[in-house]
Amino acid sequence: MSKYGTIPTSSEGPGPGAGGSSPLGFISRAKARGASALAERRPWREVADPRAASVPRGFRDAYLRARANLSHFSMNYAIVVLVVVFVSLLWHPVSLIVFLACMVAWLFLYFLRDEPLALFGRTVGEGAVLAVLSVLTLALLLLTGATANILTSLLVGLLLVLLHAVFHRPADTIDEEAGRYYTPVPPQPTY
């Protein structure tokens, strides 16, 4: 008997949708992984909070802000860059189709896998899968004839992310009294 709100991780018996390699089992695992990945995303209200905008006091402050925000908003920043690239490809339908096909390949071969990828009886490491998919995606997109468009949109997306990371004051990681960033350390036990 399964509990409400949980996703079964193993098959409870034969049949279509009982888990394992069935399409319904794959879809439920994909939904669970997608939800957990999106759970890392911060609320857009927090990303676009105008009260958090301020000019850094210097290069070190800008660096610390960028480092903290790139870590804190990483999923949001990835979404922003992908949306900028996607919008730029609307005027290049062939590139858009290649982009969507590559995205599906990424989902199936990297993000939604439960087990290590095996080719010809050998296990392929995560780093190798990541490298091959990255090079393949970039090569296929550049072969579609939209090279300048893709590179420009990537630069625009990265520039938007960097500007936000530098000018957004990370409220939850700043010590207001000391005016510096810190990582909270749990208190040490007293003896």
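A short reminder: the numbers here are calculations on the coordinates, not readings from a lab. Being a predicted model, the structure only gives us computed values, none of them experimental. Note that we place each Cβ from the backbone using ideal geometry, even for glycine, and neighbour counts take in every protein chain shown.
For this structure, a couple of remarks:
- Shown here: the range 50-114, whose C-alpha atoms stretch 45, 36, 21 Å along the first, second and third principal axes, sorted largest to smallest.
- Using R0 = 22 Å, the C-beta based FRET efficiency linking residue 44 and residue 100 works out to 0.40.
- Label separation (residue 126 vs residue 156): 3.3 nm, computed from points 7 Å beyond Cα along the C-beta direction.
- Relative contact order (%) - criterion: Cα under 8 Å, at least six apart; region: the range 23-174: 40
- Over all orientations, the range 23-174 has a Cα convex hull whose mean projected area works out to 11.7 square nanometres.
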